[in-house]
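Single-structure report; data block below.
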Amino acid sequence: MFLDSAIIESIPRFFTPVLLAAIGSALCERAAVFNIALEGMMLVGAFAAVVGCVYTGSWMGGIGFAIVAGAAFGLIFSFFGVQRGGDDIIVSIGLNVLAIGLTAFLLRALFGVQGQFEDPRIVEIPKVNLGPVADIPFIGDLLSGQSILVWFAVLMVFATHFFLNNHYYGLRIRAAGQNASALRSVGVSPERVKTAALVACGILCALGGAQLSISNVTLFTEGMSAGRGWIALVIVMMCSARLPWILPTAILFGLVDAMGFRMQGLGLPQQLTEALPYLLAIVVLIIAFRRKSIRQQALGQSDA
Amino acid sequence: MIRSRYVSIIAPLAIIFLGVLTLLAIPQTRPVVEGFLNGAFGGRNHFNLFSTLARFSILLGMAMSVLVSFRAGLLNIGGEGQLVLGGLTAALVGVYLPGPPLYVSVVALLAAMTAGASWAVLAGLLDRVAKVPLLIGSLLLNYPASYLASYFVSHPFRDVASGATQTHRIMTEARLPRFPGTILDYGILLIGATAILVIALEKTSVFGYRVRMQGYSYGFARTSGFPTGALYYRTLIISGMIAGMTGYTAVFGLNQRYIDGMLTIPLYTWTAIAAVLLAAIIPLITPVTAFFFAMLATGAIGMERSADIPREIGQIVQAVIVLYLAGVGGKMLSGGTKEDH
């Protein structure tokens, strides 16, 4: 009853922000950086995208600003967490609060508004129209008329998978995570590799934020990342940072979001449908960690 | 090592102190500092000082909740959900339970503490039974709690006539009395007593010792025959109870109703976590850092009035402090949890 064309069309825009953040998080996870500042990075990206649009008058400016802001957050994380050897959790808490404070502060300092900012200068990211494909039922709704970032996100899944498994920079990222001293012994600084992973993660999260603020809607609301960074983290934990699994899991969350949105239309209160992804996240984690711990127990027994 | 840590704490304090002096000396920037001090301590009849204290009360409560679990090495960062559910439960009891005021107030307090504790235990069960790490489980539970509270106050229990998303006013006689002539209520005494109890018991009781040892080394606690399983849940229950109680004082004291977002928008829980970290998880110092962050927030509001600087500058400064701490403090949290499970 639920799966009509409007729902299918909305799935990609719900899963894309989460997917982008999840790819970034997977890179960090592989490099053994426990980055739980995804939420803050997305928020900053969403805000920077709006700022970029307003000041350059083009969506590309928005994307550019988001990339710079995300990279900056990645570098800040790297400075305190990697270079200074700080606790990843504390650095993340700091960055998440910084993102909330900084966006609210700049919102008032730059635009003189509080809470929400709407402006005709905020340009939407163009959508890719696939011509004849659009007429195919279901598939057309799913594939055609989606923003460039949707396609970018999906391509990034495969690109990152290939990169991690085949490219030697990708191998370095995994080496930095698995055995940093081995990497150091061949003359590569694990700190640098981790910094690169963090910057990439910051950029991907920020692009996820841009999808929220200049594609799904064209406005910025304080706290508009609304926990999506945590959902992305859950997806990565559930998939043990294996990219081929991240895409379907993200789509599942997108589907739940889309259905929740539809149920709002049917009169269910927004607050309850918005809690759905988090309940799903908890259930998913229970299943994932159950299996993991059973597997670990089995391994432990075979070792003994 | 220890000396260098002291230097790294004292050096920035000295820089801040000199910076403030400089700002005071320059006529153009003087209003900024004055605005900050006025916002934190001044106002008519020291009105702002009492707002600082009211904020301090909530921060201290949440800081104690965070402290109890961090001290035991449990990364319960779900204080927000526990606080929100405590506040909501207290409000519902306060509005709908008939009876003598004292009875209503006490029932509300107990119900709030139960609600907070249950939410914390739920995160604990997720960790222990389903193996979802406490850090993630407790955090994820924040969202359903906030959305649930938001739903309750915007639909079934909303005071529609008021126009805002809030519950009805609680029974007037049941509210926490205020200190004469101020906006500060007796909730701060409740929180203060709890803080003293937590700080004292942590140092003197067997339970406090065990919790501390478990925090330092889970393996040591286990080998020494501590009941680690029971300790785990007891710690979470206490942590959740304090969070729930803090929610009760916010509802029965300051606001006398539950308003949507009143406990989440000011980032009380994250600020409390920052306060505990700034105190290096040392109980006796935590109240000082909690007061510092309360002052930072109300001072920033004062600066907004006097110098037109958005008040969010307070949150930015807070975040910078946390980041700086992470840089000098090393692995304060992750180190203790490696041996878990």
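The values are calculated or read from the model by the stated rules, or taken from the named source; none is laboratory data. If you're wondering where the values come from, they're calculated on a predicted model, not measured in any experiment. Cβ sites come from the backbone with ideal geometry, for glycine too, and all protein chains shown count toward neighbours.
The table that follows gives values for the structure above.
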{"read-out": "Segment A:96-121: number of residues that are more than 7 Å from every other protein chain (Cβ to nearest Cβ) and closer than 23 Å to B:Pro310 by Cα", "value": "15"}
{"read-out": "Residue within segment B:48-61 that is in a helix (DSSP H, G or I), within 14 Å of another protein chain (Cβ to nearest Cβ) and of a type in the set (D, E, K, R) present", "value": "no"}
{"read-out": "Filtered residue count, segment A:100-143, keeping only those that are over 24 Å from A:Ser225 (Cα atoms) and more than 22 Å from the chain's Cα centre (by Cα)", "value": "13"}
{"read-out": "Hits in segment A:274-292 - residues which are more than 7 Å from chain B (Cβ to nearest Cβ) and closer than 18 Å to B:Pro144 by Cβ", "value": "A:Leu276, A:Pro277, A:Leu280, A:Val283, A:Val284, A:Ile287"}
{"read-out": "Evaluation of B:Met171 against (1) within 14 Å of chain A (Cβ to nearest Cβ); (2) among the aliphatic types (A, V, I, L, M); (3) touching a Pro at 6+ places or on another chain (Cβ under 7 Å) (one fails), failing number", "value": "(1)"}
{"read-out": "Selection within segment B:127-168 - more than 8 Å from every other protein chain (Cβ to nearest Cβ), crowded, with 23+ Cβ neighbours inside 10 Å and outside any helix (DSSP H, G or I)", "value": "B:Thr167"}
{"read-out": "Residues being of a type in the set (Lys, Arg) and more than 7 Å from chain A (Cβ to nearest Cβ) - total across segment B:274-333", "value": "2"}
{"read-out": "Test set (1) surrounded by fewer than 19 Cβ atoms within 10 Å (Cβ to Cβ); (2) more than 13 Å from chain A (Cβ to nearest Cβ); (3) at positive phi - B:Gln256 fails condition number", "value": "(1)"}
{"read-out": "Some residue of segment A:284-292 being assigned to a loop (DSSP other than H, G, I, E, B), under 25 Å from B:Tyr147 (Cα atoms) and in contact (Cβ under 8 Å) with a residue 24 or more places away in the chain", "value": "no"}
{"read-out": "Which listed residue, of A:Val193, A:Val199, A:Val154, A:Val234, is within 27 Å of A:Ser293 (Cα to Cα) and aliphatic (A, V, I, L, M)", "value": "A:Val234"}
{"read-out": "Matching residues, segment B:191-215, being in contact (Cβ under 8 Å) with a residue 60 or more places away in the chain and surrounded by 15 or more Cβ atoms within 10 Å (Cβ to Cβ)", "value": "B:Ile191, B:Gly192, B:Thr194, B:Ala195, B:Val198, B:Ile199, B:Glu202, B:Val211, B:Arg212, B:Gln214, B:Gly215"}
{"read-out": "Index of the failed condition, A:Ala32 passing every other in (1) surrounded by fewer than 24 Cβ atoms within 10 Å (Cβ to Cβ); (2) part of a helix (DSSP H, G or I)", "value": "(2)"}
{"read-out": "Members of segment B:118-147 that are of a type outside the set (Gly, Ala, Ser) and either in contact with a Pro (Cβ under 6 Å, 6 or more places away or on another chain) or closer than 17 Å to B:Ala243 by Cα (or both)", "value": "B:Trp119, B:Val121, B:Leu122, B:Leu134, B:Leu135, B:Leu139, B:Leu140, B:Leu141, B:Asn142, B:Tyr143, B:Pro144"}
{"read-out": "Scope segment A:77-89; condition crowded, with 17+ Cβ neighbours inside 10 Å and either facing chain B (nearest Cβ under 7 Å) or small (Gly, Ala, Ser) (or both); matching residues", "value": "A:Ser78, A:Phe80, A:Gly81, A:Gly86, A:Asp87, A:Asp88, A:Ile89"}
{"read-out": "Pair list, Cβ under 7 Å, 6 or more apart: segment A:142-158 residue without any contact (Cβ under 8 Å) to a residue 60 or more places away in the chain, other residue surrounded by 18 or more Cβ atoms within 10 Å (Cβ to Cβ)", "value": "A:Ile148/A:Ile125"}
{"read-out": "Selected residue (only one of A:Leu233, A:Leu285 is within 30 Å of A:Cys53 (Cα to Cα) and crowded, with 19+ Cβ neighbours inside 10 Å)", "value": "A:Leu233"}
{"read-out": "Among (1) of a type in the set (A, V, I, L, M); (2) at pLDDT below 90; (3) assigned to a loop (DSSP other than H, G, I, E, B), the one test that B:Ala221 misses", "value": "(3)"}
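Table: residues versus (1) polar (S, T, N, Q); (2) touching a helix residue (DSSP H, G or I) at 6+ places or on another chain (Cβ under 9 Å).
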position: A:Thr160; (1), (2): yes, yes
position: A:Asn166; (1), (2): yes, no
position: A:Gly177; (1), (2): no, yes
position: A:Ala196; (1), (2): no, yes
position: A:Gly209; (1), (2): no, yes
position: A:Leu219; (1), (2): no, yes
